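In what follows, a structure is listed as structure tokens, so that the remarks can point back to it.
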Amino acid sequence: MQYASLSILSLLISTSLNAQNNAHNESNTLKENNDLERMIITGSRIVESIDEVPASIVIITQQQIQDQLKVSSELQSLLSTLVPGLAPSTGTSSNSGQTLRGRAPLVMIDGVPQSTPLRNGSLGVRSLDASTIERIEVIKGATSVYGNGAAGGIINYITKKAATDKTIAGHVTMSSRFSAVKFDDTLGSRIDAGLNGKLDKFSYVLNASYEANGVQRDAQGDILGLTYGLSDTNTQNYFSKLGYQFDDEKALQITYNYFKSKQDTDLVNVVGNVNSGIKTYAIESPDGALTVGEPQGPENHNFMLKYSDDEIFSNTQLTIDAYAQTIENIFFFSTNLANPEQGYEGGQSIIESEKKGLRATFNSQFTWQDIETTLIYGIDALNDVTSQPMVDGRVWVPEMDMDNIAGFVQAKWILHDDIILKAGVRHENIDLKVDDFSTLRLCLTADQCSVAFDVVGDTLNYIATTYNVAVRYNISDAFSPFISYSQGADISDTGRLLRTATVTDIALIRTEASIIDNYEIGFTSEFDATRFEFAAYRSTSELGTTNSYDAVTGVYLPVRAPQEVYGYEASINHQVQSNLDVSATYSWVEGKNTELDVYLGGKDISAPKGTFNINWQPSPEARLALNYLYVGSRKRFEQIDGEYVGDQGPVNSYHLVNINGSYDFGKQWQAFMGVENLLNNDYYPARSQVYTYGGYNHKGVGITINVGVTYQF
């Protein structure tokens, strides 16, 4: 298998070398640090230069997204490779354990939340297909700019815009993906196509994609486990964005996105766990029986309307965002949800969520005492109705009906052209209504069952005021330091608190909002062709938002103890020459339950992570990219009665190499090839090592090849 890997690498390199004679004809092809790509909108809701943002941010460009698509369409892998501080990919459809700086991030599409914080199913990262994304903006650290749920920061998918110079433009991409370890049943196919353009004042973007996965195999040729697995998964995405420019100042935009991903398989799990040392893998059902339960996976609809007026009154811009969303996440069948007394041998839960929201944002720019000033202010309103019933009709988490209204003010001052000062405040008023409900009696065995409680409902009220202040000093290109303090309000996963209630009145459950205090200091440095970034941070909360596994009942129990998370990140990018750049990152994070002075588990705290990336364009027609990922070890916990428990399994280090290449045949055709796990390393992803629960310790995918072609016009 090593010879096969080397042969593939040689093929990709030789293809690029054949075109190297024209290497210097396009001197700026690989340089993407232009003005447009150095602008960001997520941090303050308005367009601003990253040089004026006193915080750690990551912008993933369209070219980087396209490179990653040549290897895999999974956004988890893309983000893990390119975002320092984000935990490694789980290799599954679930992003549980893939925290940002030790806390859960808020995932958004064009500023609309995709996460379900009232009952966090950790499936928000896979909310749309990567082919619809123009860029990704990542803001690190707790923030309340967009409200509840951004304890670790924000991941914002910015969708594609229409081409400004054509009436119609489009593309069609077709590809196939298969295991190079063992081909049997692994062949998958993918197609995505899009149209976009402008007709006078009207603009449009249409995109559709469909992907059918074969089975996924590890480095030994075995099929990966099915718990949140991607084998035999069919994924489809339909996206449309329509715009109308009334005049130079006023515009209307309507966006709709539909995403569905379901696993339809006749395989069954052979369940192992960390303590037994036996991996979880899948086989064909010995008796030919169909998989128990409904196909697992998410399905969501997003409708967004945006109106903007660049001059609603003097020097003031108005943006109004209205959105509606429905989410249905079906989970795998689990025997932990059994109740023999009522005839249930297990169960399958569904997170159902409906959101309706309205945001009005004003942006005023003026000069105050010779100081350039920007004032951003507005009101957010949100209704979120979320529940978690069972497919069989039982109700695990009752319907939670949340009304949230918030006002905010954010100011930015630029002093002497090089000092940027920011400060802001947000006030939240949240009403959360829950009717009377009963918790479920759930049994691991006939003798190990939880106790059901009848709980009196109520309307809970949360009032939270959060603040932020930050300063950046652009002394010179060689040294631009910043320091910031920000707060985030998090009432996430209230549903988990309700479903494990052991009291008879909801008022007695500790559902208080958690206020996260985030402190950060860092700097950026640029020397000719080199850019270096460093940041260190610390975040604290009086009430934790994590949970622990109860081995007696088989359910997760909330842990509301105070927490402290701290760490650092560094990145460097060097433009070796006009057609070659290299970059590297390293991030380290740690965290503790400060009440008990014990380390937090692997669900929150990831192992150290390093990356190394090479992008080479030997000619205008050819492109080659190599990505190296290193995940270090983390071993903070001792065994209890000879076994690791909960999310406290030890992490052993591993490394991965991915490579992709493309060649343009004229202006319209491109052939490409990508290889995942080029060296066919036999490894367990970090989450598979820390989660000791049965069925989670699947291995990572072995060497897998993706080949395809794109036609554009």
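The values are calculated or read from the model by the stated rules, or taken from the named source; none is laboratory data. Keep in mind that this is a model prediction, so the values were computed, not measured. Virtual Cβ from ideal backbone geometry, glycine too; neighbours counted across all protein chains shown. Just the protein is used for accessible areas: all its heavy atoms, side chains included, with ligands, DNA and RNA removed. Shrake-Rupley method; radii C 1.70, N 1.55, O 1.52, S 1.80 Å.
May I ask you to derive the FRET efficiency for residue 456 and residue 245 from their Cβ-Cβ distance with R0 = 51 Å, giving the value to the nearest 0.05? List each step's numbers first, then the result.
Working: r = 54 Å, r/R0 = 1.06.
Efficiency at R0 = 51 Å is approximately 0.40.
Of 191, 123, 491, which is farthest on the positive side of the dipole of the chain, counting Cα position, with +1 on Lys and Arg Cβ, -1 on Asp and Glu Cβ, and the Cα centre as origin? Projecting each Cα onto the dipole axis, the largest value belongs to 191. Amide H contacts under 5 Å for residue 126: none, restricted to partners 5 or more places along the chain or on a different chain, H placed in the peptide plane at 1.01 Å from N. With a cut-off of 9 Å between beta carbons, the residues surrounding residue 221 carry a summed charge of -1, where Lys and Arg count +1 and Asp and Glu -1. The shape of segment 238-343 comes out prolate: with a ≥ b ≥ c from the C-alpha gyration tensor, a/c is at least 1.5 and a/b beats b/c.
Projecting the Cα atoms of 79, 457, 330 onto the charge dipole of the chain, computed from C-beta unit charges around the Cα centre, puts 79 farthest toward the positive end.
Here the ratio of the Cα radius of gyration of segment 325-436 to 2.2 N^0.38 Å is 1.75. The gain in end-to-end length when the residue 503 to residue 577 segment is fully stretched comes to 20.1 nm, 0.36 nm per residue minus the alpha carbon separation.
Taking amide H positions as modeled 1.01 Å from N, with prolines and chain starts lacking one, the residues under 5 Å from residue 622 and 5 or more places away or on another chain are 664. Would you mind counting up the charge near residue 536? Only other residues with Cβ under 10 Å from its Cβ, with Lys and Arg at +1 and Asp and Glu at -1. Summing Lys/Arg as +1 and Asp/Glu as -1 gives -1. Projecting the Cα atoms of 640, 658, 696 onto the charge dipole of segment 636-702, computed from C-beta unit charges around the Cα centre, puts 658 farthest toward the positive end.
Candidate cross-link partners of residue 260 among the aspartates and glutamates, defined by an alpha-carbon separation under 13 Å and a same-chain spacing of 8 or more, comprise 129, 211, 299, 328.
Can you compute the helix-only [θ] at 222 nm over the chain? Use -39500 (n - 2.57) per DSSP H run of at least 4 residues, normalise by all residues, nearest 500 deg cm²/dmol. Mind dumping the intermediate values first?
Values: 5 runs with 43 residues, N = 713.
Dividing the helical sum by the residues of the chain leaves -1500 deg cm²/dmol.
Computed across segment 107-158, the Kirkwood hydrodynamic radius from all distinct Cα-Cα pairs reaches 11.3 Å. Think of a 1.4 Å ball rolled over the protein heavy atoms: the chain then has 41 Å² of accessible area per residue. For residue 566, neighbours were defined as the other residues whose beta-carbon sits under 10 Å from its Cβ, and their charges (Lys and Arg +1, Asp and Glu -1) total +1. Expressed as a whole percent, the accessible area of segment 408-531 that falls on carbon and sulfur atoms is 57 (1.4 Å probe). Each 5 Å bin from zero up to the one holding the largest Cα-Cα distance in segment 411-509 carries the following percent of pairs: 3, 10, 14, 12, 10, 9, 8, 7, 7, 6, 6, 5, 3, 1, 0. Checking the Cα-Cα distances for 166/241; 356/422; 161/250; 306/667 against a 23 Å cut-off, the pairs over it are 356/422; 306/667. With all protein chains in place and a 1.4 Å probe, the accessible surface of segment 116-176 carries 54 percent carbon and sulfur. Within segment 444-480, what residues put their amide N at less than 12 Å from the label point 7 Å along the Cα-to-Cβ vector of residue 51? Flagged as within label range: 474-480. Counted over segment 619-712 with a bin width of 10 Å, the fraction of Cα pairs per bin, in whole percents, is 15, 32, 23, 16, 10, 4, 0. Here the 3J(HN,Hα) profile of segment 615-622, calculated from phi with Karplus coefficients 6.51, -1.76 and 1.60 at θ = phi - 60°, is 10, 10, 10, x, 7, x, 8, 10 Hz, Gly and Pro shown as x. What FRET efficiency comes out for the pair residue 641/residue 438, r = Cβ-Cβ distance, R0 = 51 Å, nearest 0.05? Once rounded, the FRET efficiency stands at 0.95. Our estimate of slack between residue 532 and residue 163, defined as 0.36 nm per intervening residue step minus the Cα-Cα distance, is 129.5 nm.
Peptide packing: for 366-377, 223-234, the average count of neighbouring Cβ atoms within 10 Å per residue gives the ranking 223-234, 366-377, highest mean first.
A Förster radius of 22 Å, combined with the Cβ-Cβ distance separating residue 210 from residue 712, puts the computed FRET efficiency at roughly 0.75.
Share of carbon and sulfur in the accessible area of segment 593-713 stands at 51%, probe radius 1.4 Å.
Rounded to whole numbers, the Karplus 3J(HN,Hα) couplings from phi for segment 449-458 are 10, 6, 9, 7, 10, 8, 10, 7, x, 5 Hz, using 6.51 cos²θ - 1.76 cosθ + 1.60 with θ = phi - 60°, and x at Gly and Pro.
Determine the order of 45, 101 by accessible area, beginning with the largest, at a probe radius of 1.4 Å.
On the way: 45 40, 101 10 Å².
The most accessible residue leads, giving 45, 101.
The C-alpha atoms of the chain occupy a region whose extents along the principal axes are 73, 66, 48 Å, arranged from largest to smallest. Rounded to the nearest Hz, the phi-derived 3J(HN,Hα) couplings of segment 355-370 under the Karplus curve 6.51 cos²θ - 1.76 cosθ + 1.60 (θ = phi - 60°) are 10, 9, x, 9, 10, 10, 10, 9, 10, 10, 10, 7, 10, 10, 6, 6, where x marks glycine and proline.
Expressed per residue, the C-alpha convex hull volume of segment 604-651 stands at 92 Å³. Label point 7 Å out from residue 415 along Cα-to-Cβ: which residues of segment 361-403 have amide N under 12 Å? The answer is 371-372, whose backbone nitrogens lie closer than 12 Å to the label point.
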